[in-house]
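Engineer: One structure is given below, represented as structure tokens, and several questions about it will come after.
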Amino acid sequence: MKVMPSRSNEWVRPLTSQKPASAIIEIDRVSQVFQTSARKDHLALSDISLTIDEGAFVSILGPSGCGKSTLLYIVGGFVSPTSGAAKIKGQAITGPGPDRGPVFQEFALFPWKTVLGNVMYGPRQQAVRAVEAEAQSRALIEMVGLKGYENFYPKELSGGMKQRVALARTLAYHPEVLLMDEPFGALDAHTRTRLQNDLLNIWERDRKTVLFVTHAVDEAVFLSDKVVMMSNSPGRIRQVIDIDLPRPRRRNELLLDPRYQKYVVDIERMFDESDEAGPAS
Amino acid sequence: MISPAALTRRAAPVLACIGLLAVWQVASLVLKNDSFPTAIEAIRAIPDILGDKESLINILASLRRMAIGFGVAVIVSIPLGLLMGRSRAVAAFFNPLLMVIYPVPKAALMPIIMLWLGVGDITKTLVIFLGVSLPVIYHSFEGAQAVEEKMLWSGAAMGLSPLQRLLRIVLPAALPEILTGCRTGLVLALITMITSEMIARQSGAGNILFNALDMGQYDTVFAMIIIVGAMGICLDAIFERVRARLVRWSEPQFDMPLSFS
Ligand SMILES: Nc1ncnc2c1ncn2[C@@H]1O[C@H](COP(=O)(O)OP(=O)(O)O)[C@@H](O)[C@H]1O
Ligand SMILES: [Mg+2]
């Protein structure tokens, strides 16, 4: 474990300072322009470059409307960027694929399928035999804490349970990268905390690469190895911050840890400063 | 046990029917018009119609045309509506076409269709087909358009092709809306069925009705109206059962007030 640097800006490094060998996702000078209704162009993302290491938990943190979702959709292949390119394992991303599994704030479950049916959907699509797919899916449902709910329909579940199903459904087809877009944003504080803990436990078991979008500073620090701070209008990367906190992380220990507190306070202060400086400055 | 509230709810349609018949009976007795038989006279004529082989053949012929017209319309309209809902190009192509057909009473097309196809089954079935198609296309279109994009993205990430997404995500997701369209279509099928038989007599329930009208057998006329009405109620009740079963999983929609099931 590294020793904590004494000055805060020592662990705040500019993005370009390193190029790790084990990069799984590379975002290279991506910009996104949206046509607004008034025939004016809106620059949602401006010249974004970012490299994500295999097995890293990376959060994209920023105010609402700064282009976090758009960036995630570009990596997912759901949106193609106006300019620049994104790559996964050196291959240009041209569309969605099972190597990148999305989890959306809106859950986006298939309402006509039961919990089990939803989770089995991906494996079945990939021609895993029904018996096998079912066994794996049942295990996953148990892992996300929904044993006993296999035959429930999504409408019969709470928001937190729906998001657990969505996570299990995505994990079921073994994507190499999880793309999570404010997955806990629609949940109440208590449920959010529990899902954060569970996500961390699951992640610490198999260390999948996670790209996690959030606007909550504490959530980003608690979960991540690296926090990508974005600023608004146009969406740009402000800073990339390594979160050097020990794992496995326990919430009750971490909240008392001065290093954790310092990360949260420093990041919040940086956002405050940029607010005072005004947008697009 | 049935709760008092549920009992009231179930009894309400029955009471409404009895009330309607009572008003009819009284009105008829007061008006004393030859062409307006009493409810009891009309009801008495029902067994005669249903016991007559000729009449039954007529009614069955009607139902067959209706089933074929409805079935073909549903099979054609659902894919068309779904494609329109998911593709702007398809919608742009078919929308003007449908907007032209939409306000035209389908029965008004019958004389022309009769010139081309004669007065037989094909003409009548085609008119039923046209009547059913529009609501089914419209509701399929709306349903397909409303499918949450993230649901399609989730499917795409699992490796579903565009066609698979249409069949395995858009279709089931839009099913509640599609079935609402089919239900409207079913009622319209019954209406166009009778109208078509009014214009091109030859066989069918409408044929019995309008022949009786010509011959001044008013109790038969009103008996046929009751029979057609009862057919509508039964078909709708059966359809509603099937619908409720197919979309059990969906968020509870507003209750359809015209249901007897
Ligand atoms: N499909 C779209 N069409 C037009 N503008 C869009 C579209 N998607 C996003 N935007 C705009 O791009 C900006 C960034 O959006 P988004 O990526 O959703 O931000 P965030 O997720 O950080 O809240 C916003 O100003 C939003 O209004
Ligand atoms: Mg967003």
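Engineer: Output the residues belonging to the stretch B:136-146 that are crowded, with 22+ Cβ neighbours inside 10 Å and either away from every other protein chain (no Cβ under 14 Å) or among the hydrophobic types (A, V, I, L, M, F, W, C) (or both). Talk me through it step by step, then tell me what you get.
Structural biologist: Restricting attention to the stretch B:136-146, the residues satisfying the condition of being crowded, with 22+ Cβ neighbours inside 10 Å are B:136-137, B:139-141, B:143-144.
Across the stretch B:136-146, the qualifying residues are B:Val136, B:Ile137, B:His139, B:Ser140, B:Phe141, B:Ala144.
Engineer: Within the stretch B:152-166, take every residue that is surrounded by fewer than 19 Cβ atoms within 10 Å (Cβ to Cβ) and at the interface with chain A (Cβ under 9 Å from one of its Cβ atoms) and give me the one that is farthest from A:Pro175 (Cα to Cα). Step through it out loud before you land on a result.
Structural biologist: From the stretch B:152-166, those surrounded by fewer than 19 Cβ atoms within 10 Å (Cβ to Cβ) are B:159, B:161-164; that's our starting set.
Still in the list and also at the interface with chain A (Cβ under 9 Å from one of its Cβ atoms): B:159, B:164.
Working: B:Gly159: 11, B:Gln164: 20 Å.
Restricting to residues being surrounded by fewer than 19 Cβ atoms within 10 Å (Cβ to Cβ) and at the interface with chain A (Cβ under 9 Å from one of its Cβ atoms), the top hit is B:Gln164.
For every residue, the table says whether it meets (1) out of contact with any helix residue (DSSP H, G or I) (no Cβ under 6 Å at 6 or more places or on another chain); (2) assigned by TED's automatic domain parsing to the domain that holds A:Gly77; (3) not hydrophobic (A, V, I, L, M, F, W, C).
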position	(1), (2), (3)
A:Gln196	yes, no, yes
A:Thr214	no, yes, yes
A:Pro234	yes, yes, yes
A:Val240	no, yes, no
A:Asp244	yes, yes, yes
A:Leu255	yes, yes, no
A:Val264	no, yes, no
A:Arg269	yes, yes, yes
A:Ser274	yes, yes, yes
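Engineer: Another question about this same structure. Filter the stretch B:167-178 down to residues that are more than 10 Å from every other protein chain (Cβ to nearest Cβ) and surrounded by fewer than 22 Cβ atoms within 10 Å (Cβ to Cβ), then give me how many there are. Break it down stepwise before answering.
Structural biologist: Kept after step one, since they are more than 10 Å from every other protein chain (Cβ to nearest Cβ), are these residues of the stretch B:167-178: B:167, B:170, B:174, B:177-178.
From what is left, the residues that are surrounded by fewer than 22 Cβ atoms within 10 Å (Cβ to Cβ) are B:167.
Within the stretch B:167-178, residues that are more than 10 Å from every other protein chain (Cβ to nearest Cβ) and surrounded by fewer than 22 Cβ atoms within 10 Å (Cβ to Cβ) number 1.
Engineer: When B:Val90 is evaluated against the numbered criteria (1) at pLDDT 90 or above; (2) open to solvent by 60 Å² or more (accessible area, probe 1.4 Å), which criterion, by number, is the only one it fails?
Structural biologist: Tallying (1) at pLDDT 90 or above; (2) open to solvent by 60 Å² or more (accessible area, probe 1.4 Å), B:Val90 fails exactly one: (2).
Engineer: Filter the stretch A:74-100 down to residues that are more than 15 Å from ligand 1 (Cβ to nearest atom) and surrounded by 16 or more Cβ atoms within 10 Å (Cβ to Cβ), then give me how many there are.
Structural biologist: Keep residues of the stretch A:74-100 that are more than 15 Å from ligand 1 (Cβ to nearest atom), which gives A:77, A:83-85, A:87-100.
Retained after the next criterion (residues that are surrounded by 16 or more Cβ atoms within 10 Å (Cβ to Cβ)): A:77, A:84, A:87-88, A:93, A:96-100.
So the answer is 10.
Engineer: Check B:Arg183, B:Arg248 and return the single one that is of a type in the set (D, E, K, R), buried (at least 19 other Cβ atoms within 10 Å of the Cβ) and either in contact (Cβ under 8 Å) with a residue 40 or more places away in the chain or within 14 Å of chain A (Cβ to nearest Cβ) (or both).
Structural biologist: Details: B:Arg248 fails: buried (at least 19 other Cβ atoms within 10 Å of the Cβ).
Answer to the selection: B:Arg183.
Engineer: A:Tyr121 fails exactly one of the following numbered conditions: (1) within 16 Å of ligand 2 (Cβ to nearest atom); (2) touching a Phe, Trp or Tyr at 6+ places or on another chain (Cβ under 7 Å); (3) in the same structural domain as A:Asn151 (by TED's automatic domain parsing); (4) not charged (D, E, K, R). What is the number of that condition?
Structural biologist: The number of the failed condition is (1).
Engineer: Could you please find all residues in the stretch A:90-108 being more than 7 Å from every other protein chain (Cβ to nearest Cβ) and touching a Pro at 6+ places or on another chain (Cβ under 8 Å)?
Structural biologist: If the condition is that a residue be more than 7 Å from every other protein chain (Cβ to nearest Cβ) and touching a Pro at 6+ places or on another chain (Cβ under 8 Å), then A:Asp99, A:Val103, A:Gln105, A:Phe107 are the ones that fit.
Engineer: Only one of (1) at pLDDT 95 or above; (2) away from chain B (no Cβ under 12 Å); (3) within 16 Å of ligand 1 (Cβ to nearest atom) fails for A:Ala44. Which number is that?
Structural biologist: Of everything listed in (1) at pLDDT 95 or above; (2) away from chain B (no Cβ under 12 Å); (3) within 16 Å of ligand 1 (Cβ to nearest atom), A:Ala44 misses just condition (1).
Engineer: Any residue at all in the stretch A:165-185 that's within 26 Å of B:Ala156 (Cβ to Cβ), touching a Phe, Trp or Tyr at 6+ places or on another chain (Cβ under 7 Å), part of a helix (DSSP H, G or I) and modelled with pLDDT of 95 or more?
Structural biologist: Within the stretch A:165-185, one or more residues are within 26 Å of B:Ala156 (Cβ to Cβ), touching a Phe, Trp or Tyr at 6+ places or on another chain (Cβ under 7 Å), part of a helix (DSSP H, G or I) and modelled with pLDDT of 95 or more.
Engineer: Would you check if A:Glu182 is in contact (Cβ under 8 Å) with a residue 24 or more places away in the chain, within 16 Å of ligand 1 (Cβ to nearest atom) and within 18 Å of the chain's Cα centre (by Cα)? I'd like the intermediate steps shown before the answer.
Structural biologist: On the way: in contact (Cβ under 8 Å) with a residue 24 or more places away in the chain: yes; within 16 Å of ligand 1 (Cβ to nearest atom): yes; within 18 Å of the chain's Cα centre (by Cα): yes.
For A:Glu182, the condition - in contact (Cβ under 8 Å) with a residue 24 or more places away in the chain, within 16 Å of ligand 1 (Cβ to nearest atom) and within 18 Å of the chain's Cα centre (by Cα) - is met.
Engineer: Here's another thing I want to ask about it. What pairs come out if I take residues in the stretch B:1-25 that are surrounded by 12 or more Cβ atoms within 10 Å (Cβ to Cβ) and pair them with residues that are in a helix (DSSP H, G or I) whose C-beta lies under 7 Å away, six or more apart or interchain?
Structural biologist: B:Leu21/B:Ala39; B:Trp24/B:Ala39; B:Gln25/B:Ala39; B:Gln25/B:Ile40
Engineer: Can you confirm whether the stretch B:194-201 contains a residue that is more than 14 Å from chain A (Cβ to nearest Cβ), farther than 25 Å from B:Pro105 by Cα, surrounded by 21 or more Cβ atoms within 10 Å (Cβ to Cβ) and within 23 Å of the chain's Cα centre (by Cα)?
Structural biologist: Restricting attention to the stretch B:194-201, the residues satisfying the condition of being more than 14 Å from chain A (Cβ to nearest Cβ) are B:194-201.
From what is left, the residues that are farther than 25 Å from B:Pro105 by Cα are none.
No.
Engineer: Here is a follow-up. Looking for whichever is open to solvent by 10 Å² or more (accessible area, probe 1.4 Å), within 16 Å of ligand 1 (Cβ to nearest atom) and touching an Asp or Glu at 6+ places or on another chain (Cβ under 6 Å) here; the options are A:Val217, A:Val213. Which one fits?
Structural biologist: Values: A:Val213 fails: open to solvent by 10 Å² or more (accessible area, probe 1.4 Å).
The unique qualifying residue is A:Val217.
Engineer: Taking the conditions exactly as written (open to solvent by 50 Å² or more (accessible area, probe 1.4 Å), touching a helix residue (DSSP H, G or I) at 6+ places or on another chain (Cβ under 7 Å) and among the charged types (D, E, K, R)), does B:Glu149 satisfy them or not? Even if it seems obvious, please write down each step before you answer.
Structural biologist: Numbers: open to solvent by 50 Å² or more (accessible area, probe 1.4 Å): yes; touching a helix residue (DSSP H, G or I) at 6+ places or on another chain (Cβ under 7 Å): no; among the charged types (D, E, K, R): yes.
No, not satisfied.
Engineer: Search the stretch A:37-55 for residues being open to solvent by 60 Å² or more (accessible area, probe 1.4 Å) and farther than 19 Å from A:Arg236 by Cα, and hand back the single one that is nearest to ligand 2 (Cβ to nearest atom).
Structural biologist: Checked the stretch A:37-55; the qualifying residue nearest to ligand 2 (Cβ to nearest atom) is A:Ser37.
Engineer: Could you list, ordered by first residue, the pairs with Cβ atoms under 6 Å in which the first is in the stretch A:148-177 and at the interface with chain B (Cβ under 10 Å from one of its Cβ atoms) and the second is open to solvent by 40 Å² or more (accessible area, probe 1.4 Å) and part of a helix (DSSP H, G or I), at least 6 apart or interchain?
Structural biologist: A:Pro154/A:Lys162
Engineer: Continuing with the same structure: Would you point out the residue of the stretch A:56-73, among those that are open to solvent by 20 Å² or more (accessible area, probe 1.4 Å) and away from chain B (no Cβ under 14 Å), that is farthest from ligand 1 (Cβ to nearest atom)?
Structural biologist: Only one residue fits best here, namely A:Pro63.
Engineer: Go over the candidates A:Phe78, A:Phe107 one by one and state the one that is within 16 Å of ligand 2 (Cβ to nearest atom) and more than 26 Å from A:Ser22 (Cβ to Cβ). So that I can check it myself, show each step before the final result.
Structural biologist: Values: A:Phe78 fails: more than 26 Å from A:Ser22 (Cβ to Cβ).
Of A:Phe78, A:Phe107, the one residue that is within 16 Å of ligand 2 (Cβ to nearest atom) and more than 26 Å from A:Ser22 (Cβ to Cβ) is A:Phe107.
Engineer: I want to confirm something. Restricting to the stretch B:30-51 and keeping residues that are surrounded by 12 or more Cβ atoms within 10 Å (Cβ to Cβ) and over 26 Å from the mean Cα position of the chain (by Cα), which single residue is farthest from B:Met215 (Cα to Cα)? Quick ask: steps written out before the conclusion?
Structural biologist: Step one: filter the stretch B:30-51 for residues surrounded by 12 or more Cβ atoms within 10 Å (Cβ to Cβ), giving B:36-46, B:48-50.
Filter again for over 26 Å from the mean Cα position of the chain (by Cα), leaving B:36-38, B:40-41, B:44, B:48.
Values: B:Phe36: 14, B:Pro37: 15, B:Thr38: 18, B:Ile40: 20, B:Glu41: 17, B:Arg44: 18, B:Asp48: 16 Å.
The qualifying residue farthest from B:Met215 (Cα to Cα) is B:Ile40.
The values are calculated or read from the model by the stated rules, or taken from the named source; none is laboratory data. This is a predicted model, so every value here is computed, not measured. Backbone-built Cβ (ideal geometry, glycine too); neighbour counts: all protein chains shown. We work out accessible area using only protein heavy atoms, side chains counted, and drop any ligands, DNA or RNA first. Shrake-Rupley method; radii C 1.70, N 1.55, O 1.52, S 1.80 Å.
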